[in-house]
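The next block holds one structure in the form of structure tokens; read it before the comments.
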Amino acid sequence: MKKTILVVDDFTSIRQFVCETLERKGYSTLSAANGNEAFNVLSDNYAEVSLVLTDYNMPDCTGYELLKKIKTHPEVAKVPVIFLTTESNPDKMRAAKDAGLSAWIKKPYRAETFFAQIENAISNG
């Protein structure tokens, strides 16, 4: 059974690149342009989504706001969330960890680290 990853980024090119990278590795992908859209996609597909991979800084609904939304809704709260972002503020990182973030991957990322963290988050929830 293919694992499905929801990719969230406000830049279409980044979203497409990440989806293609994941698909080459054998994952299925869904995508969304911001946190609000992502939450709707997740709510409609929560039975099949294994992981949410989201940017931090986005208009309308940030990755952090999306994380908090996911973790407070019982039907989707168990889905692991990873930030893939250029954001590196330690306070934001701490707050996200406290809110239930699985991992924080800095852009630009190394492929091995990227896939290891994704596998780890999916395996350990």
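Could you work out the relative contact order of the chain, using alpha carbon pairs under 8 angstrom and six or more residues apart, expressed as a whole percent?
For the chain, the relative contact order is 22 percent.
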**Message:** Given all pairs of different Cα atoms, what value in angstroms does the Kirkwood hydrodynamic radius of segment 1-41 take?
**Reply:** 10.2
**Prompt:** What's the tally of Lys pairs in the chain whose alpha-carbon atoms lie under 16 angstrom apart, where the two lysines are 8 or more places apart or on different chains?
**Reply:** 13
**Proxy reagent accessibility, fewest Cβ within 10 Å first, across 8, 41, 79** = 41, 79, 8
**Prompt:** Is segment 81-125 best put as rounded, prolate or oblate by its Cα gyration tensor, with a ≥ b ≥ c the root eigenvalues, rounded for a/c under 1.5, and otherwise prolate when a/b is larger than b/c, oblate when not?
**Reply:** oblate
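Since every read-out is calculated from the coordinates, none of them should be taken as a lab result. All of these numbers come straight from a predicted model, not from anything done at the bench. No Cβ is skipped: glycine too gets one built from the backbone with ideal geometry, and neighbour counts run over all protein chains shown.
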